[in-house]
Amino acid sequence: KIPYTVTLLIIGLALGALHLASDKSLGTLSTSIEMWMHIDPHLLLYAFLPVLLFGDAMGIVWHDFRRTALQCTILAGPGVLIGTAAMGVVCKYILPYDWTDYECAAFASILAATDPVAVVALLKEMGASRVLTMQIAGESLLNDGVAIVVWLIFFEFMNGKEQQAGSIVLGFVRLAVGGLVFGVVVGVIASRWISLVSNKLVHTDGLVQMALTITCAYMAFFVGENEFGFS
């Protein structure tokens, strides 16, 4: 049985190949493909990423996460740095783009941050170990702060700017720890708000709870990402 995520990938590749082979003459389908190819990437980011992160966070079992917290931290910290270094070597000596060292490192840091949504879904579907699933899911939730800091450092180097050790540490604390604190604050406020509309005898309370849940998931991401620069 082929997983549905692999099926979607195959269908997407087939449609893309057909679109190019027909010289973009598939009518409405080609028009739609062209629109998706030129869509603003920030639209996809802000439309899908908040609910994906929120869904992963809501699905975490605290008992399992506590057992794997150390492994997740190691994978999200030193693991991201090792992945960045390894991919940087590949970019420098294998890829035919003649990038500078800083460009290779910046590109590698982007690839080092994993978001294995499809992998986690597949592991759950296959009944894999809960510990293994939590290690992968937990690492993906924690690695953003490290990867963003690494990318920002090499991006500044690419632009000829120097970075002091103190500013690097403060940037990491602001992105990673600040995001955790901000998320806890938003979660406490949302939970309290939802508890005020939890009367099972009132039909609209259930709708309000769902609306608050979705709204808080998006607003926490928008405000944290845009206004405070948290991860």
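Ignoring any ligand, DNA or RNA, what whole percent of the accessible area of the chain comes from carbon and sulfur when the probe is 1.4 angstrom? Using a 1.4 Å probe with all protein chains present, the chain comes out at 71 percent carbon and sulfur.
Could you point to the label whose value was computed as Cα Rg over 2.2 N^0.38 Å for the structure here, given (1) 1.13; (2) 1.27; (3) 1.20? Entry (3). Enumerate cysteines in the chain without a disulfide-compatible partner, where compatibility requires another Cys Cβ under 4.7 angstrom. Here CYS72, CYS216 come out as lacking a disulfide-compatible partner, given the Cβ-Cβ threshold of under 4.7 Å.
Charge dipole (Cα centre; +1 on Lys/Arg Cβ, -1 on Asp/Glu Cβ; no other charges) of region 131-231 amounts to roughly 280 debye.
Helical content alone sets the calculated 222 nm signal of the chain at -25000 deg cm²/dmol, taking -39,500 (n - 2.57) per DSSP H segment of four or more residues and averaging over every residue. The residues of the chain expose, per residue, 66 Å² of accessible area to a 1.4 Å probe.
Please give the contour-minus-distance gain from ILE82 to ILE11: 0.36 nm per residue of separation, less the Cα-Cα distance, rounded to one decimal in nm.
Stretched fully, the ILE82-ILE11 segment lengthens by 22.2 nm.
Here the dipole of the chain is about 780 debye; that uses its Cα centre as origin and unit charges on the Cβ of Lys and Arg (positive) and Asp and Glu (negative). Dipole orientation for the chain: of the candidates MET35, ALA217, ALA147, ALA217 has the Cα lying most toward the positive pole (charges on Cβ; Lys, Arg +1; Asp, Glu -1). For region 16-68, which trypsin sites (Lys or Arg not before Pro) are in a loop by DSSP, counting at most 13 other Cβ atoms within 10 Å? Sparse-neighbourhood loop trypsin sites (Lys or Arg not before Pro): LYS24. Restricting the trypsin sites (Lys or Arg not before Pro) of region 131-231 to loop positions (DSSP other than H, G, I, E, B) with no more than 13 neighbouring Cβ atoms within 10 Å leaves LYS161, LYS200. Ordering VAL80, GLY127, ALA57 by the projection of their Cα atoms onto the charge dipole of region 52-143, which places +1 on the Cβ of Lys and Arg and -1 on the Cβ of Asp and Glu, puts GLY127 at the extreme positive end.
The values are calculated or read from the model by the stated rules, or taken from the named source; none is laboratory data. The structure displayed is predicted, hence computed values, not measured ones. All Cβ positions, glycine included, derive from the backbone under ideal geometry; neighbour counts span all protein chains shown. Note: areas computed on protein heavy atoms with side chains; ligands, DNA, RNA excluded. Shrake-Rupley method; radii C 1.70, N 1.55, O 1.52, S 1.80 Å.
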